[in-house]
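> One structure coming up, written as structure tokens, with questions to follow.
The values are calculated or read from the model by the stated rules, or taken from the named source; none is laboratory data. Only a predicted model underlies this, so the values are computations on that prediction, with no experimental measurement involved. A quick note on method: Cβ atoms are made from the backbone with ideal geometry, for glycine too, and the neighbour counts reach across all protein chains shown. Side chains are part of the model used for accessible areas, which takes the heavy atoms of the whole protein and leaves out ligands, DNA and RNA. Shrake-Rupley method; radii C 1.70, N 1.55, O 1.52, S 1.80 Å.
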Amino acid sequence: MNVHLSWLRMASHLSCMLLLTGLTACGGGGSGGSLLDDRTGNFNNNSAWEPGVFKPASDFKNRCDAPRSGTDPYTGNSYPDRTGNTLAENNWLRSWSNETYLWYDEIIDTDPAEFDEPTLYFQLLKTYALTPSGAPKDQFHFTYDTAEWNALSGSGVSAGYGVTWAIISALPPREIRVAYTEPNTPATAEGIDLARGALVLEINGVDAVNDNTEAGVNTLNDGLFPSDTGENITLVVQDIGADEPRTVTLTSTTITSTPVQNVRTLESESGETVGYLLFNDHIATSEDLLIEAIDELSSAGATQLVLDLRYNGGGLLAIASQLAYMVAGDVATSEQVFYNISFNDKHPDRDPVTGQTLTPIPFYKQTLGFSTATGQPLPSLNLQRVYILTGSGTCSASEAIINGLRGVGVEVIQMGTSTCGKPYGFYPTDNCGTTYFTVQFKGDNAQGFGEYSDGFTPGSNPADAASLPGCSVADDYLHALGDPAEARLAAALAYHETGECPGANTAGLQKSAPKPAEGYVHKPEALRNIILLPPDSQ
């Protein structure tokens with residue numbers, strides 16, 4: 001799924017945006033045909049669309065136009081696919097959405113036979129309502145190839161160079177910079193050494209700042225976001241502090257994300273030991289890395305923590321619960337709710353996916369077996385206050401950390417800009433080789449608060465329950481993440497000493513705009529969510 005390929009294209013050719021993301025294509029005459037029954041091979045009764053009438057999703061589950069065969073390498077189980085067709089897949093989507101979508105009664109019921117591709121039909125099975133600020137209520141409705149999703153969610157594996165780009169300005173004159181890199185990847189190889197803040201001037205011979213031709217924009221997108229391994233990109237970049245640009249060539253390979261980086265301690269002006277860690281993705285491999293980080297900070301005597309979530313779009317909710325416990329410790333979290341989950345009004349008492357009685361998600365104080373042995377006690381810092389660095393890419397499971405800690409009385413001080421606003425989540429659900437993500441639940445903290453659909457915002461506003469103490473600080477690409485001079489970290493350190501926000505520091509964000517904007521830091525859509533694992537993967 002190459003949703004990222006359209007980002008620069010969307011900015012340059014706004015009229016094409018819906019087409020590029022597949023939201024306007026409607027198929028034509030549809031797939032028609034009959035469903036197939038295991039016994040007769042001719043299951044055709046009552047398959048015609050009746051508006052407002054829904055057969056059970058289980059009637060259509062795994063009835064595939066192109067059934068997979070063999071064993072799923074992720075689960076070790078045989079694929080459940082049976083012979084079917086596109087209409088069967090669409091009917092499953094329609095019934096499944098009606099059963100589990102959080103806002104099922106806001107879906108416009110549309111004939112599934114009119115769509116030739118299930119992924120296009122799926123795009124219609126959502127609400128188009130808006131939040132109080134005017135943003136779409138559901139911004140998180142998407143699909144992934146199942147094999148790609150399994151690799152990404154399990155260990156952060158994807159094709160790339162090991163660099164995450166910040167598209168600060170997508171329209172000419174563009175500003176494209178390195179947001180951060182992954183260790184031991186092409187981006188950080190000897191002689192390449194791309195670092196945060198490096199400005200991209202050319203991509204494969206195309207002027208990355210000024211070219212606005214369709215061919216040029218295509219080259220920029222294809223270069224920045226490879227769809228497979230073995231793809232080459234030649235960049236002309238201007239490094240921070242360098243007098244002249246330089247040329248580097250990268251070859252895409254399989255990249256494994258390192259979700260926890262830059263763990264370190266700093267000394268405050270008052271002599272306290274302040275811990276810092278950058279946490280980028282709530283994926284399975286982060287469990288042991290977070291434990292190591294908290295152990296390291298605890299051993300170093302950290303009495304304060306700056307948790308950098310500015311690029312963390314979310315992921316596994318259980319990981320968020322574990323980290324929140326490791327921040328707050330036993331006293332604050334004992335027998336407390338981290339995330340009180342609720343589904344649509346068809347399911348007031350039971351989880352519609354697992355069938356289990358709904359129970360709140362606690363603060364997990366033990367390992368859960370994601371990347372460590374199960375049942376081991378987690379370390380903790382036992383803090384009553386935490387400084388969290390945020391941006392527009394701070395989303396879902398990261399916001400759950402903020403909300404969960406606030407729910408048990410831990411003071412959260414926010415440095416950065418408003419978070420994305422996603423108090424919702426889902427079970428990724430495979431059908432016929434595509435994994436579908438539809439909003440299925442929402443969550444409240446121990447105090448019953450969960451309405452932050454427009455995000456958490458720094459700068460205490462008593463009229464806004466999602467407003468936190470802290471400072472509005474733009475991202476600073478002129479300094480490394482974890483550098484005490486980096487604007488957001490510097491603001492946290494200053495606030496800790498004085499209780500006040502320092503003077504505005506927006507250097508390095510934009511070359512010319514009078515009021516800097518944060519821009520867009522590309523992350524895969526599947527890493528911008530609250531995710532519960534399906535029952536067969538636990």
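> Across the stretch 310-325, in residue order, what do the Karplus-derived ³J(HN,Hα) couplings come to in whole Hz, using 6.51 cos²θ - 1.76 cosθ + 1.60 with θ = phi - 60° and x for Gly and Pro?
4, 10, 8, x, x, x, 6, 5, 4, 5, 4, 4, 4, 5, 4, 5
> Still on this structure, please answer the following. Taking H as built 1.01 Å from N, whose amide H comes closer than 5 Å to the amide H of Glu272, not counting residues under 5 places away?
none
> Count charges around Tyr495 for me, please; just the other residues with Cβ under 11 Å from its Cβ, Lys/Arg as +1, Asp/Glu as -1.
0
> Could you work out the Rg to Rh ratio of the stretch 105-182, with Rh taken as the Kirkwood radius (inverse of the mean 1/r over all Cα pairs)?
Working: Rg = 17.9 Å, Rh = 16.5 Å.
We get a ratio of 1.09 for the stretch 105-182.
> Taking θ = phi - 60°, what integer Hz values does the Karplus form 6.51 cos²θ - 1.76 cosθ + 1.60 yield along the stretch 194-200, in sequence order, with x for Gly and Pro?
Going residue by residue, I get 5, 10, 3, x, 4, 8, 8 Hz, with x marking Gly and Pro.
> What percentage of the solvent-accessible surface of the stretch 426-503, computed with a 1.4 Å probe over protein heavy atoms, is contributed by carbon and sulfur atoms? Kindly include the intermediate steps, with their values, before the conclusion.
Working: 1310 of 2660 Å².
Its accessible area is 49 percent carbon and sulfur atoms.
> When Rg is the radius of gyration of the Cα atoms in the stretch 333-372 and Rh is its Kirkwood radius, what does Rg/Rh come to?
Across the stretch 333-372, the Cα-based Rg/Rh ratio is 1.06.
> Using amide H atoms built 1.01 Å from N in the peptide plane, name the residues 5+ places from Tyr520, or on other chains, whose amide H lies under 5 Å from its own.
The list, which skips near neighbours in sequence, is Ile167, Ile168.
> Report, to the nearest whole %, how much of the accessible area of the stretch 130-252 belongs to carbon and sulfur atoms, 1.4 Å probe, protein only.
Here carbon and sulfur together make up 48 percent of the probe-accessible area.
> How long are the semi-axes of the equivalent ellipsoid of the stretch 289-331, taking √(5λ) for every eigenvalue λ of the Cα gyration tensor, in whole Å from largest down?
Largest first, the stretch 289-331 gives 19, 13, 10 Å.
> At 1.4 Å probe size, with the rest of the protein present, what percent of the exposed accessible area of the stretch 255-351 is carbon and sulfur atoms?
42
> Let me ask something else about it. In terms of modelled amide H atoms, which long-range or inter-chain residues lie less than 5 Å from the amide H of Ala159?
For Ala159, whose amide H was placed from the backbone, the distant partners under 5 Å are Ile255.
> For the stretch 111-231, what does the accessible surface come to per residue with a 1.4 Å probe? Please give it in Å².
Value for the stretch 111-231: 37 Å² per residue.
> A further question follows. Roughly how many Å² is the accessible area per residue of the stretch 286-440, as a whole number, for a 1.4 Å probe?
Working: 4800 Å² over 155 residues.
With the other protein chains kept in place, the stretch 286-440 gives 31 Å² per residue.
> Could you state, as a whole-number percent, how many of the C-alpha pairs of the stretch 210-297 are farther apart than 20 Å?
63
> While we're here: Cα to Cα, under 20 Å, and not fewer than 8 places away if on the same chain: which aspartates and glutamates meet these conditions relative to Lys346?
Qualifying aspartates and glutamates at Cα under 20 Å: Asp59, Glu99, Asp105, Glu106, Asp109, Asp138, Asp444.
> Okay, next question. In sequence order, what are the phi-derived ³J(HN,Hα) couplings for the stretch 437-449 according to the Karplus relation 6.51 cos²θ - 1.76 cosθ + 1.60 with θ = phi - 60°, rounded to whole Hz, with x for glycine and proline?
Once rounded to whole Hz, the list reads 10, 10, 4, 10, 8, 10, x, 10, 8, 5, 9, x, 9.
> Another question about this same structure. Looking at the P(r) of the stretch 303-422, how many percent of alpha-carbon pairs lie beyond 21 Å?
Roughly 42 percent, rounded to a whole number.
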